[in-house]
Amino acid sequence: MTPHPQQAALAHSLRDPESFWSGHAERLHWHQNPSRALTRQTKTLPSGVQHEHWSWFPDGEISTTYNCVDRHVHNGRGDQVAIIWESPVTQTTEKYTYKKLLDEVEVLAGVLREEGVRKGDVVIIYMPMIPAALIAALAITRLGAIHAAVFGGFAAQSLAQRIEAARPRVIMTASCGIEGAKGPISYRPLVEGAVAASTYKPSKVIVWQRDQLRWNNPDKLGGQRNWQRLVKSARMRGVRASPVPVKSTDGLYIIYTSGTTGLPKGVLREAGGHAVGLELSIRSLFNIKGPGDVMFCASDIGWVVGHSYILYAPLLVGATTVLFEGKPIGTPDAGTFWRIVEKHNVNTLFTAPTAMRAIRKEDNNNHLFKEVGERNGLKSLRALFLAGERSEPSIVRAYQDLLSQYAAPGAVVVDNWWSSESGSPITGLALNSHAAIASQLPAETNKPLPTRPGSAGLPMPGFDVRIVDDEGAEVPAGTMGNIVMAPPLAPTAFTSLFQDEERFYRGYLKRFNGKWVDTGDAGLIDEDGYVHIMSRSDDIINVAAHRFSTGTIEQAILTHPTISEASVVGIPDAIKGHLPFAFIHLHNQTEPLPAKAPKKLFEEVNELVRTQIGAIASLGGIIQGRGMIPKTRSGKTLRRVLRELVENGVVGKFDEGVSVPPTVEDGEVVEVARQRVREYFGVKGVKAKL
Ligand code: AMP
């Protein structure tokens, strides 16, 4: 059978990375053309450990900003819209053409140069979702400096940790962020608190003043500067900076991983591989090919998804990107995404499954979706991409049905799996995969592989994904195991951590003696090559010596018609070691319910688990409630926190501290969960919340 173009592209990229990637590199402007796509060498660490290291386009020189902005203006596309800012929280819509963007970036880069930023310096961006944040990133990159964007919702302590690690010359920030409908939150105490707490002090703090809440009387002696004033002065004096190319292997940015486990790690993205890999991924996987195409990635610039698909990838191909300052629900309602799709003719929408769950819960009969759909407002939409955590089949199916009825013909829901480390999706279903191979194929072959709900698709070019057991031996198709990748990784992926090669080795290579790169995820590859991501490796539950992923059990539970969300953790059991234990949320729950699920519901759910997985995975209990499943700010379920609460609850230690990471979205949720656990395990007299 002829392989599908996505599979052919993958095979080509793994068999002959040199020819595959050289072809794609030619689509970009290089200040110095690379003579090779890939070199591989052995690296010796100070500890004496040796491991494989690889470099993409090692002798090339490139400016990512030039490729994202200047190039399009020089090619006569200056009037094309580059950025659309949609801010329901400030009731603003703004558009930036490529010409205007170039003008802003050139001037701001000039300002930064005057403020002492040089090639190779680090600049922290701690900003809300406003155009200035994107302009800042492009201006930093223009100087050959390295940005480290820190999610604007992080507390002072998390910011301090990143200042300490990244040692930025400058921090670029704003006077306030606007969190959903909560109104403006002053950034000043957060930034000043973080700088005070860090032993390293940046020399400047440049503040974008927002009208909603100003940063009054900046502390000049402390290096605080008014952003708009600096820009105005530079503009008057004609100060502008031209692009400074960097080596392909030089750092473009640092991103700290979201930290559901352990201390954040500084993933270093390299300039050349990033540009080439992203340019291919947005054309091929996301089907955003250039002028006229509109991408709406409803992530945050603090996350890798935001870096890649709000900022760099759409601009690399000269398309239009939508920058959204708001929430999926509550700004003002669960119909916001759909109205933005309609207003700006969005072709590809990218968000996290947690956003879709929130929308679905709020917009119960898809009323708001259909309202836009029925006036043909969604006809431009070709795809809904979901990533960040597992998408359960029920959510994929629900939106696939809706897209099939209301969106563009052939529109699909695409679960895609990736990480801060990979920089672009490792797996997915390429919408336009013929672009991924050099040959022109007839239009009918340019259809994505069929969706398989529950799977995150097939590997993308350059990612050699395998499933191995704990000894690193590959397991047969369909068997659960550790998901690893054979080095080298695709060009967008990291080759090291920022100034911490030892930790890179310890964190990713050591476990399998350098043979595989450990992704930390567990899952399987089925007979047809579809990859199924079931959980983080440490979310595997060992029941009577059988290993189950929390994701598989959650999937079974979610087939119950009344349950909208489930989170499974292991509860200690004297006989079996552990039993799966579920936290569930019911559709349409408005009344307070007892923490312990009624016997009938428990039996029904258990039956689903027993029939879909096996009697061995029978549940140890179910807690029902609302607002008790803690998430990180990027939408990942913090099962570890629930697990600790349950482990403490079993032994009656309800008030024991649990390790809540600073990335938690809402700490109050942990307290609700604690209360539910207390109630479940039989302490009387505690009034349950919902
Ligand atoms: P981060 O580095 O913060 O982007 O987190 C990466 C992690 O998110 C991955 O290692 C997975 O555990 C999880 N993840 C991302 N996308 C998916 C997906 N489509 N399905 C399942 N898990 C995902």
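Percent of accessible area on the range 420-552 owned by carbon and sulfur, 1.4 Å probe?
51
Rounded to the nearest 5, what % of the DSSP beta bridges within the chain are antiparallel ones?
Details: 61 of 101 bridges.
Antiparallel bridges: around 60 percent, rounded to the nearest 5.
Place a label point 7 angstrom from the Cα of Asp16 along the Cα-to-Cβ direction, then list the residues of the range 452-495 whose backbone nitrogen is under 16 Å away.
Of the residues in the range 452-495, 462 have backbone N under 16 Å from the label point off Asp16.
Given that compact globular proteins tend to follow 2.2 N^0.38 Å, what is the ratio of the alpha-carbon Rg of the range 87-166 to that value? Provide the component values of the computation, followed by the final result.
Numbers: Rg = 13.9 Å, N = 80, 2.2 N^0.38 = 11.6 Å.
Normalised by 2.2 N^0.38 Å, the Cα Rg of the range 87-166 equals 1.19.
Estimate the FRET efficiency between Lys119 and Lys600 by the formula 1/(1 + (r/R0)^6), using the beta-carbon distance for r and 56 Å for R0, to the nearest 0.05.
Details: r = 67 Å, r/R0 = 1.19.
So, using R0 = 56 Å, E works out to roughly 0.25.
In the range 1-136, if every C-alpha pair distance is counted and binned at 5 Å from zero, what percent goes to each bin?
Once binned at 5 Å, the Cα pair distances of the range 1-136 give 2, 8, 11, 13, 13, 14, 14, 12, 8, 4, 2, 0, 0.
If you count only protein heavy atoms with a 1.4 Å probe, what accessible area per residue comes out for the chain, rounded to a whole Å²?
38
Determine, from the Cβ-Cβ distance of Asp79 and Lys182 and an R0 of 45 Å, the FRET efficiency 1/(1 + (r/R0)^6), rounded to the nearest 0.05. Provide the component values of the computation, followed by the final result.
Working: r = 37 Å, r/R0 = 0.83.
Given R0 = 45 Å and the Cβ-Cβ separation, E is 0.75.
Which translational diffusion coefficient, to the nearest whole µm²/s, is obtained for the range 167-310 from the Stokes-Einstein equation, given a Kirkwood hydrodynamic radius over C-alpha pairs, 4 °C and 1.567 mPa s? Walk me through the numbers on the way to the answer.
On the way: Rh = 18.4 Å.
The calculation lands on 70 µm²/s.
Name the lysines eligible as straight-distance cross-link partners of Lys600: C-alpha to C-alpha under 27 Å, and not fewer than 8 places from it in the same chain.
Result set, ordered by chain and number: Lys361, Lys576, Lys684, Lys687, Lys689.
Students often forget the sequence filter, so: which lysines lie under 29 Å Cα-Cα from Lys100 once same-chain residues fewer than 8 apart are removed?
Lys119, Lys204, Lys232, Lys247, Lys289, Lys327, Lys343
Does a label point 7 Å from the Cα of Arg547, set along Cα-to-beta-carbon, have any residues of the range 505-527 with amide nitrogen under 12 Å, and which are they?
520-524
Could you order the peptides 146-158, 70-82 from most to least packed, using the average number of other C-beta atoms within 10 Å per residue?
Output ranking for 146-158, 70-82: 146-158, 70-82.
Quick one: if the Förster radius is 45 Å, what FRET efficiency do Thr562 and Thr92 give, using the C-beta to C-beta distance and rounding to 0.05? Numbers along the way, then the final one.
Numbers: r = 40 Å, r/R0 = 0.89.
Using R0 = 45 Å, I get an efficiency of 0.65.
Tell me which GluC sites (Glu not before Pro) from the range 20-116 have a DSSP coil assignment and no more than 12 other beta carbons within 10 Å of their own. Intermediate values should be presented prior to the final figure.
Values: sites: Glu26, Glu52, Glu61, Glu86, Glu94, Glu104, Glu106, Glu114, Glu115; in loops: Glu26, Glu115.
Taking the range 20-116 and a limit of 12 other Cβ atoms within 10 Å, the loop GluC sites (Glu not before Pro) found are Glu26.
Note the full-extension length gain between Asp573 and Ile616 as 0.36 nm times their separation in residues minus their Cα-Cα distance, in nm to one decimal.
Values: separation 43, 0.36 × 43 = 15.48 nm, distance 1.31 nm.
Length difference between fully extended and current span is 14.2 nm.
Say each of Ser203 and Glu671 gets a label point 7 Å from the Cα, pointing the same way as Cα to Cβ; how far apart are those two points in nm?
4.4
When the chain is fully extended, how far beyond the present Cα-Cα distance does Gln50 get from Asn217, taking 0.36 nm per residue of separation? Let's see the in-between values first.
Numbers: separation 167, 0.36 × 167 = 60.12 nm, distance 5.31 nm.
Difference between extended and current length: 54.8 nm.
When Lys and Arg each count +1 and Asp and Glu each count -1, what net charge do the other residues less than 13 Å away from Gln161, Cβ to Cβ, add up to? Walk me through the numbers before you get to the answer.
Working: positive: Arg162, Arg167, Lys265; negative: Glu164.
Computed value for this residue: +2.
Using alpha carbon centroids, what distance separates the range 266-312 and the range 100-130, in Å?
20
Roll a 1.4 Å probe over the protein heavy atoms and report the accessible area of Asp538 in Å², nearest 10.
80
Please list log₁₀ I(q)/I(0) at q = 0.07 Å⁻¹ for the chain, using the Debye equation with identical point scatterers on the alpha-carbon positions.
-0.45
What shape does the range 257-340 have by the C-alpha gyration tensor, where a ≥ b ≥ c are the square roots of the eigenvalues, rounded means a/c under 1.5, and otherwise prolate means a/b greater than b/c and oblate the rest?
Details: a/c = 2.76, a/b = 1.07, b/c = 2.58.
Cα axes put the range 257-340 in the oblate bin.
Dipole of the range 542-680 (Lys/Arg Cβ +1, Asp/Glu Cβ -1, origin at the Cα centre): which of Ile616, Thr637, Ala595 lies farthest to the positive side?
Ile616
Net charge near Gly472, counting Lys/Arg +1 and Asp/Glu -1 over other residues with Cβ under 11 Å of its Cβ? It would help to have the intermediate numbers written out before the result.
On the way: positive: Arg466, Arg511, Lys515; negative: Asp469, Asp470, Glu471, Glu474, Asp518.
Spelling it out: positives minus negatives among the neighbours equals -2.
Using just the Cα positions, wrap the range 114-232 in a convex hull and report its mean projected area in square nanometres, one decimal place.
Values: hull surface 27.4 nm².
Hull-based average projected area comes out at 6.8 nm².
Go from 0 up to the bin containing the longest alpha carbon distance in the range 542-680, width 10 Å each, and give me the % of pairs per bin.
Computed distribution, short to long bins: 12, 45, 36, 7.
The values are calculated or read from the model by the stated rules, or taken from the named source; none is laboratory data. Fair warning: this is a prediction, and the values are worked out from it, not measured in the lab. With ideal geometry, Cβ positions are generated from the backbone for all residues, glycine too; neighbour counts draw on all protein chains shown. Accessible surface areas use protein heavy atoms only, side chains included; no ligands, DNA or RNA. Shrake-Rupley method; radii C 1.70, N 1.55, O 1.52, S 1.80 Å.
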